[in-house]
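What follows is one structure encoded as structure tokens, with my remarks underneath.
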Amino acid sequence: MEITQPLHRAVQLRPDAEMTVLGDRVRTVRECADRVARFAGALRAQGVTDGDRVAILALNSDVFHEALLGIPWAGGVAVPANWRWSPSEIAFSLKETGVEIMLVDDTFLDLALAVNEMDGVSTQLIHVGEKPTPEGGLDYEELLAATEPVEDARRGGSDIFGIFYTGGTTGGAKGVVLSHDQMMTSAYGCVASGEFASPNGRLMHVAPMFHLADLASWTGGMVVGSTHIFVPMFTPGGVAKMLAEQEITDVLMVPTMIQMLVDSPEIAGLDLSTVGHIIYGASPMPEALQTRARAVFSKATFLQAYGMTELAPVATMLMSEDHDHPVRRRSAGRAAMHCEVRVVDELDNEVERGTVGEIVVRGGATMTGYWQRRTRRPRRCAAAGCTPATAATWTRTATSSSSTASRT
């Protein structure tokens, strides 16, 4: 499977359909494909070859979307940078992955320049925005205008799509290596739920696109032919207005965003009837907030996704029907369709339901590994008939959890 394949399909089936919306700027599938192919050509002209890493330091935008497609189109590997990090933390990730080219927008231009002054970092900046391009930098739009489109390198399968850095909650941040197959497996598994993305719908990107949560919705949206509407920064009033004006069908948010949204006075009186799917995660949603949010978005299904970057990223889903159950609505749902979930004890034996244990997951979306890190020997399934030759790797997702959290 290839991340770029849905774009090729869209060009064949609906080339004049809207693909991206940023403010008043709307681009069709055909226009996006042309820009992606030109950006890939520009990257190749800058020396990007098979497997070279290219960083993205930017807010949500149509250009971020183009970069996620253009980098693999050129044969490269995407490294989205966490703009919440300090310059030294970003520099660490760039040095570890050997990034030599970084796409940066106006918001983080000063940050990128500061990172470039740090020892061991020297990236070619490709600047997108209205500010003057710094000396030695390249202007994104000028590059596209001066470059002919190139053929897709057709990276796919086990080829690396991207390296995504964790938050470092159990030590230093680590670069999670995810392949095209792993990203697409998770996307297809999520879409198969029927509550993740609307075919040919309008998908709003509110959560930061450097994070796997929003990238999961982006990949799922690519699979089902979504129009992608980008919100650079979340504000309750701005998002409420856009949900109505852009007739959004699908959106992923964290519960704190949902809380701010339903508390916002601007949401009163807006027509939100087009919103069909709300996906949330990163933390549970209090039952009182569930009730209020479902009243505001009365036509929408609510789906909680639980997972981690290492799983590309979804492991379990709490479906809309489970939100009506007095016990299940407090859980993280059941295993998603593309993976298998167990709760085990210290000896890797599956525990009885209701027992505290450790969550382990396996399936086709499980990461390749951590970039340039040695990992311990893979754990194997202990089930009867499972041999090292046929068993998939089990990945730990939490130090401890009640089995009811994912197996109710």
Requested in this report: Could you tell me which residue of segment 22-60 is nearest to Leu138 (Cα to Cα), considering only residues that are assigned to a strand (DSSP E or B) and open to solvent by 20 Å² or more (accessible area, probe 1.4 Å)?
Outcome: Arg53
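Under 22 Å from Thr309 (Cβ atoms) and either aromatic (Phe, Trp, Tyr) or at pLDDT below 95 (or both), is that true of Phe39? Show your work before the answer.
Working: under 22 Å from Thr309 (Cβ atoms): no; either aromatic (Phe, Trp, Tyr) or at pLDDT below 95 (or both): yes.
It is false that Phe39 is under 22 Å from Thr309 (Cβ atoms) and either aromatic (Phe, Trp, Tyr) or at pLDDT below 95 (or both).
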Requested in this report: Evaluate the following for Thr49: is it over 23 Å from Gly167 (Cα atoms), hydroxyl-bearing (Ser, Thr, Tyr) and under 16 Å from the mean Cα position of the chain (by Cα)?
Outcome: no
Query raised in the report: Are there any pairs with C-beta distances below 7 angstrom linking a residue in segment 221-234 that is closer than 16 Å to Thr274 by Cβ and without any contact (Cβ under 8 Å) to a residue 60 or more places away in the chain to a residue that is surrounded by fewer than 24 Cβ atoms within 10 Å (Cβ to Cβ) and among the basic types (Lys, Arg), with the two at least 6 apart or on different chains, and if so which?
Result: Ser226/Arg202
Query raised in the report: Does any residue of segment 278-290 turn out to be part of a loop (DSSP other than H, G, I, E, B), open to solvent by 20 Å² or more (accessible area, probe 1.4 Å) and under 30 Å from Pro15 (Cβ atoms)?
Result: no
Query raised in the report: If Asn200 passes every condition in (1) open to solvent by less than 30 Å² (accessible area, probe 1.4 Å); (2) in contact with a Lys or Arg (Cβ under 9 Å, 6 or more places away or on another chain) but one, which one does it miss?
Result: (1)
Query raised in the report: Under 6 Å by Cβ, and 6 or more places apart or on different chains, what pairs join a residue from segment 96-119 that is among the aromatic types (Phe, Trp, Tyr) with one that is surrounded by fewer than 20 Cβ atoms within 10 Å (Cβ to Cβ)?
Result: Phe108/Trp83
Requested in this report: Using the structure shown, decide if Phe302 is out of contact with any Ser or Thr (no Cβ under 8 Å at 6 or more places or on another chain) and among the aromatic types (Phe, Trp, Tyr).
Outcome: no
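Residues that are assigned to a loop (DSSP other than H, G, I, E, B), more than 23 Å from Ala187 (Cβ to Cβ) and modelled with pLDDT of 95 or more: does segment 13-21 have at least one? Working first, answer last.
Kept after step one, since they are assigned to a loop (DSSP other than H, G, I, E, B), are these residues of segment 13-21: 14-17.
With more than 23 Å from Ala187 (Cβ to Cβ) added as a condition, the list becomes 16.
Imposing the further condition that a residue be modelled with pLDDT of 95 or more reduces the set to 16.
Checked against the condition, which is being assigned to a loop (DSSP other than H, G, I, E, B), more than 23 Å from Ala187 (Cβ to Cβ) and modelled with pLDDT of 95 or more, segment 13-21 yields at least one hit.
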Report summary line: Checked segment 348-363 for anything over 18 Å from Val327 (Cβ atoms) and among the polar types (S, T, N, Q); matches are Asn349
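Could we say that Leu243 is within 24 Å of Leu318 (Cα to Cα), among the aliphatic types (A, V, I, L, M) and open to solvent by 10 Å² or more (accessible area, probe 1.4 Å) here?
Working: within 24 Å of Leu318 (Cα to Cα): yes; among the aliphatic types (A, V, I, L, M): yes; open to solvent by 10 Å² or more (accessible area, probe 1.4 Å): no.
No; evaluated as a whole, the condition is false for this residue.
The values are calculated or read from the model by the stated rules, or taken from the named source; none is laboratory data. Worth saying up front: this structure is predicted, and the values here are computed from it rather than measured. Because the Cβ atoms are built from the backbone with ideal geometry, glycine has one as well, and the counts that use them run over all protein chains shown. For the accessible areas, the whole protein counts, side chains as well, though only heavy atoms, and no ligand, DNA or RNA atoms are used. Shrake-Rupley method; radii C 1.70, N 1.55, O 1.52, S 1.80 Å.
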